Structure formats: C-alpha cells, structure tokens
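Here the structure is laid out as structure tokens; the discussion comes afterwards.
The values are calculated or read from the model by the stated rules, or taken from the named source; none is laboratory data. Here the structure is a predicted model, which is why all the values come from computation and not from measurement. Here the Cβ positions follow ideal geometry from the backbone for every residue, glycine too, while neighbour counts run over all protein chains shown. Calculation scope for accessible area: heavy atoms of the full protein, side chains included, ligands and nucleic acids excluded. Shrake-Rupley method; radii C 1.70, N 1.55, O 1.52, S 1.80 Å.
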Amino acid sequence: GNVLVTSNTPTASFAGTPSPAVAGNMIGGNLVCVGNTPAANDVVSGTPNPNTVAGHKLGECAGL
C-alpha cells in the first residue's frame with residue numbers, strides 16, 4: 001500500500017539523524033512525505049539506506 005509521513009518534528013536525534021528517517025523500506029504503493037521539520041531522509045547511522053517503492057516517491061521523499 002501507500003506510506004504517508006507527514007507533520008513530524010523529532011524532539012531528539014535517532015542514530016545521529018535529527019529528522020524523520022524513512023529508510024530501507026519495501027513499499028508496494030507510493031511514498032509521500034510532507035510537512036516534516038526537518039525534511040525526512042533515508043540516512044541511518046550516517047549511511048543512506050534507500051527505499052524500494054513500486055509507485056511514486058513524492059514530496060520530501062522524492063529522492064529517497
């Protein structure tokens with residue numbers, strides 16, 4: 001299905017990443033990220049971990 005990541009503002013960093021991490025997922029639909037502060041990324045422990053998306057990557061997640 002689709003995944004929507006919206007309006008998140010982390011209060012602490014996770015593995016050195018102070019923004020919502022959307023990483024290493026297999027998504028059968030679309031991946032949409034909007035309104036996250038800072039923008040979502042695909043970095044875990046300093047290393048990019050791209051997502052596999054069957055549909056479209058939209059918004060902040062367009063490059064993830």
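Couple of notes before you dig in:
- Of all residues in region 21-50, those being under 22 Å from THR9 (Cβ atoms) and hydroxyl-bearing (Ser, Thr, Tyr) number 2.
- Close pairs from region 21-36: first modelled with pLDDT under 95, partner part of a loop (DSSP other than H, G, I, E, B) and basic (Lys, Arg), Cβ under 8 Å, at least 6 apart: none
- Complete set of residues in region 53-62 that are in contact (Cβ under 8 Å) with a residue 12 or more places away in the chain and either surrounded by fewer than 12 Cβ atoms within 10 Å (Cβ to Cβ) or in a loop (DSSP other than H, G, I, E, B) (or both): ALA54, GLY55, HIS56
- Whichever residue in region 21-52 is out of contact with any Gly (no Cβ under 8 Å at 6 or more places or on another chain) and not in a loop (DSSP other than H, G, I, E, B) and, among such residues, is most open to solvent (accessible area, probe 1.4 Å): MET26
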